[in-house]
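One structure is given here, and the rest of the page talks about it.
The values are calculated or read from the model by the stated rules, or taken from the named source; none is laboratory data. Only a predicted model underlies this, so the values are computations on that prediction, with no experimental measurement involved. Cβ placement follows ideal geometry from the backbone for every residue including glycine, while neighbour counts extend to all protein chains displayed. Please note that ligands, DNA and RNA were not included when accessible areas were found on the heavy atoms of the full protein model with its side chains. Shrake-Rupley method; radii C 1.70, N 1.55, O 1.52, S 1.80 Å.
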Amino acid sequence: MPDQKPLSAPVLAPGFADPVHDAQRCFRAVMMAMAQPGTLKSFDPGSLAPPQPLSPMGAALALTLFDYDTPVWLDGSLRKSPDVSAFLTFHTGARIVSEPVDAQFALINDPRGLMPLCSFDQGSLEYPDRAATLILCRTVFGQGDAALLAGPGLKEPKRFSAGLLPPAFWRQAADNNTQFPRGVDVIFAGATEVAALPRSTTITPMEA
Amino acid sequence: MYVAVKGGEKAIRNAHKLLANRRRGDRSVPSLTLDQIAEQLALSVARVMGEGSLYDEGLAALAIKQARGDLIEATFLLRAYRTTLPRFGYSTPVDTGAMRVERRISATYKDLPGGQVLGPTFDYSHRLLDFALAAEEEGDLPEPDRACHTDAPMPRVTDLLGTEGLIEPDPAGDPGAAVGDLTREPLAFPADRDLRLQNLARGDEGFLLALAYSSQRGYARTHPFTGEIRYGAVEVEFYAEELGFEVPLGTIKVTECQMVNQFSGSAKAPPAFTRGYGLVFGQVERKAMAMAMVDRALRWQELGEEQTAPVQDEEFVLSHSDNIQATGFVEHLKLPHYVDFQAELDLVRKLRAEWFAARDGAKTGTQEAAE
Amino acid sequence: MSVETTSNLEQEYNFAYLDEQTKRMIRRAILKAIAIPGYQVPFASREMPMPYGWGTGGVQVTAAILGKADCLKMIDQGSDDTTNAVSLRGFFEKTAGVATTFKTQEASIIQTRHRIPETPLREDQIIVFQVPIPEPLRFLEPRETETRKMHALEDYGLMHVKLYEDIAKNGRIATTYAYPVKVAGRYLMDPSPTPKFDNPKIDRMAALQLYGAGREKRIYAVPPYTGVRSLDFEDHPFEIQSFDKPCGLCGAEGVYLDEVILDDEGGRLFVCSDTDHCEERRAAGHTGPMAADPAASQLSKGSSDAEDTVQ
């Protein structure tokens, strides 16, 4: 539930305790996760206590990747909290946009309500790097529908599941990745681990 | 005798020591002060600030001193320093119409509102070496006459032409649209005019000069007239979100050049003059003029002209204008390349062996055929 | 405190020189580069305190990924103690205070110019390449707008024509370094000017490969275990250089050798280009045919007492 604090007393939660090195460690976890799709990489968001409902790992990724060059889209539950917007704006300077297609990053607190992946910027054939990156927070790894992942970064095919996702998620993700080099990339943010699903991965949804 | 290319550490240290020594030169000669450089080599300082993309006379003077007067090296020092500076935001556009003018000339009108102000210029000096300077006998310089400085407005020539519709209007532009910044987003083609102008403003003076010159000699023809050159101080302001108004940050000196170019019109537009624009830090007139000419030449597509010359080729011009990039890549050939050279050596030896084998084979073949 | 590990001298600069905003920008480009293997991601490359061409792309990539716990190896032409490797290693020692090493196995990040270590790299290692011209099609088509279209359409006919013309003219493909590869069956990529001898190493390499081109403002990547195929033709299969003698110092075979000219009478010595590999082998007791030669012993002494070549 969004925590409705009175606007008159905005208490801004602090960012990283050690901005330079915490961001570096968080980035390395994400980078290695992107390089080895579906592989869990550890990062402890430590003392981060962002305003509800933003998770500490979601906040850590935002602090690591967002700044005033990156338009950000928030899902419904995050958008409802002025504290979350204030936290993100103060610490990152990122502009919060209302249309998913305008965002370079999408921060999604409740992956179950995730809108179709094709709602986000898919990049172009000339500039596929301009596609959006989705950050799905509160991922519980090893639960829910699974998919078999193969391709760059994987020595051999790998089974991966990331908790509660919309029923059509893996089908959409598979479609997303068949448009390679266009398509979005997904980062899964657990409590102390991250994983990623770049568009280069071949995805085979598995029966539950 | 084999000489080790290895052991770089000691060699580098010593090279730095040597360089420091050579930079200082003869100890019996007084060391240059930064003030001396900033005051007496002001045009060098301006060039380094412009191409270095950092307005700070003190730092530019330091860079020139450290670089032993090599202006590209000094520019490089400023650029590298610039990398480490955090960015707080963007200033609002400077208003050159409100410039406190030290020099303002127009070649298109004999006289005009605000007058022709020659200011400090080499233009009508005779280039005779002044041996008095060598003898350090400058003595007291005569005080220049101060023009009866008026606060009368000094409208830009292009604005005067504009009221009659004789020159194309400045592109209206969308005030809300973000202005491109190639230090934030790498240049992509086709580049809009904002990025082209930024690229040219940071570009090498010599490169732009040669391109502009080529356009006067038939490699693209733009028929330029110097509508106006003005040099002086302008206010830089920053819009502070928290305060809700603009805060002055200080003044900088800039040279602005507006070239007026012939244009015969098209089916869509009546005949009118067109613009080329140049703006640089400090008094760097040659560069401002060259920039304005290159800017105009690059607009061929928008004005429905033909592309015939290098100066019109956006990719060619913009990709090679930066002297820090250029000097780095040219000079990197000094670095060891022996691994790749080895690979080429190996190939050339093989190809030669095959060539000789083929020739000898051909000889034997001919002999055999003759027998 | 963010600068506690940096030396006192350099406290005015951030950890690893770049400011945090620049690092974030580079990091975002790296993530996209990894997600699109072999595609060159444009990034707002900064002026660094060393010239373009000296490895500014590699340096920016390294600075953006480097952490306090890393151990950095810096090589140029395969060697840890060529002048530029020394200079770049010194830069990171000064600005980041990280541990450095000559040993391939000890390094967590290896930044290289023109070579890949002979020792196979591991999954927990990252190799950063310095790249001068990232566009493999650039010498065939100078225009960025054109080459971008070719990549978009996966239209690499021009490169095949070029290689085929080589064969027609020289009887073989006359590209010996920066030999073009196709990554994961999609993008044509320049593996940086490493000799083609090293191309097989980047095919399904266990380590993450990051490529940085500072002047050209591009970053690209090859994730671990990605298929990387060197272009060739059925009747002219890709082949690497082979040397008909072993390393004169350590006797290694199947490694890339540098040719060292010993005198003006044609005396030559072939030695491992990967100096760490050579030293490890010699430490393990391997000797090559020229190990006893006085010239060779001078060469193998390493950096501590090398000639000062400056005067």
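Going through (1) within 12 Å of another protein chain (Cβ to nearest Cβ); (2) out of contact with any Asp or Glu (no Cβ under 7 Å at 6 or more places or on another chain); (3) crowded, with 21+ Cβ neighbours inside 10 Å one by one, C:ILE116 falls short only on (2).
Selection within segment B:251-279: residues that are assigned to a strand (DSSP E or B) and more than 18 Å from B:ALA98 (Cβ to Cβ). The member of this set that is farthest from the chain's Cα centre (by Cα) is B:PHE273.
Would you check if A:ASP121 is in contact (Cβ under 8 Å) with a residue 60 or more places away in the chain and touching a strand residue (DSSP E or B) at 6+ places or on another chain (Cβ under 7 Å)? Step through it out loud before you land on a result.
Working: in contact (Cβ under 8 Å) with a residue 60 or more places away in the chain: yes; touching a strand residue (DSSP E or B) at 6+ places or on another chain (Cβ under 7 Å): no.
Criteria not met by A:ASP121.
Residues satisfying the criterion are present in segment C:33-45 (criterion: assigned to a helix (DSSP H, G or I) and either within 14 Å of chain B (Cβ to nearest Cβ) or closer than 17 Å to C:PRO134 by Cα (or both)). Residues that are surrounded by 14 or more Cβ atoms within 10 Å (Cβ to Cβ), touching a helix residue (DSSP H, G or I) at 6+ places or on another chain (Cβ under 7 Å) and among the small types (Gly, Ala, Ser) within segment B:51-83 comprise B:GLY52, B:SER53, B:ALA60, B:ALA61, B:ALA63, B:ALA67, B:ALA74, listed in sequence order.
Here A:THR139 meets each of (1) within 14 Å of chain C (Cβ to nearest Cβ); (2) assigned to a loop (DSSP other than H, G, I, E, B); (3) crowded, with 17+ Cβ neighbours inside 10 Å with one exception, condition (1). Of all residues in segment B:289-304, those that are within 12 Å of the chain's Cα centre (by Cα) and either outside the structural domain of B:TYR277 (by TED's automatic domain parsing) or surrounded by 24 or more Cβ atoms within 10 Å (Cβ to Cβ) (or both) total 4. The set of residues in segment C:134-149 that are part of a loop (DSSP other than H, G, I, E, B) and at the interface with another protein chain (Cβ under 9 Å from one of its Cβ atoms) comprises C:PRO142, C:ARG143.
For segment B:103-114, how many residues are under 23 Å from B:GLY282 (Cβ atoms) and part of a loop (DSSP other than H, G, I, E, B)?
First pass over segment B:103-114, keeping only residues under 23 Å from B:GLY282 (Cβ atoms): B:103-107, B:114.
Then drop every residue that is not part of a loop (DSSP other than H, G, I, E, B), which leaves B:106-107, B:114.
Within segment B:103-114, residues that are under 23 Å from B:GLY282 (Cβ atoms) and part of a loop (DSSP other than H, G, I, E, B) number 3.
Can you tell me which residue is nearest to the other protein chains (Cβ to nearest Cβ) among those in segment B:56-103 that are of a type in the set (Ser, Thr, Tyr) and within 30 Å of B:MET154 (Cβ to Cβ)? Once the filter is applied, the top-ranked residue is B:TYR90. Within segment B:182-237, the set of residues being at pLDDT 95 or above and part of a loop (DSSP other than H, G, I, E, B) comprises B:GLY203, B:ASP204. Just one of the listed residues (B:ARG79, B:ARG100) is over 25 Å from B:LEU133 (Cα atoms) and assigned by TED's automatic domain parsing to the domain that holds B:LEU160, namely B:ARG100. The residues of segment C:255-278 that are at pLDDT 95 or above and open to solvent by 20 Å² or more (accessible area, probe 1.4 Å) amount to a single one, C:HIS277.
Applying the set (1) charged (D, E, K, R); (2) surrounded by 15 or more Cβ atoms within 10 Å (Cβ to Cβ); (3) within 27 Å of A:THR192 (Cβ to Cβ) to A:ASP69 leaves exactly one unmet item: (3).
When A:ARG130 is tested against (1) under 30 Å from C:GLU154 (Cβ atoms); (2) out of contact with any strand residue (DSSP E or B) (no Cβ under 6 Å at 6 or more places or on another chain); (3) away from chain C (no Cβ under 12 Å), exactly one condition is not met: (3).
Conditions tested, residue by residue: (1) of a type outside the set (Val, Ile, Thr); (2) assigned to a loop (DSSP other than H, G, I, E, B).
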| residue | (1), (2) |
| --- | --- |
| C:VAL59 | no, no |
| C:ALA64 | yes, no |
| C:GLY67 | yes, yes |
| C:LEU72 | yes, no |
| C:ILE75 | no, no |
| C:ASP81 | yes, yes |
| C:SER87 | yes, no |
| C:GLY90 | yes, no |
| C:GLU93 | yes, no |
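In the set C:ALA174, C:ALA152, only one residue is assigned to a helix (DSSP H, G or I), of a type in the set (A, V, I, L, M) and within 8 Å of another protein chain (Cβ to nearest Cβ); that residue is C:ALA152.
Restricted to segment B:160-200, and to residues there that are open to solvent by 70 Å² or more (accessible area, probe 1.4 Å) and among the acidic types (Asp, Glu), the residue that is nearest to C:ALA29 (Cα to Cα) is B:GLU185.
For B:SER28, are the conditions met, namely being hydroxyl-bearing (Ser, Thr, Tyr) and surrounded by 15 or more Cβ atoms within 10 Å (Cβ to Cβ)?
Against the criterion (hydroxyl-bearing (Ser, Thr, Tyr) and surrounded by 15 or more Cβ atoms within 10 Å (Cβ to Cβ)), B:SER28 does not qualify.
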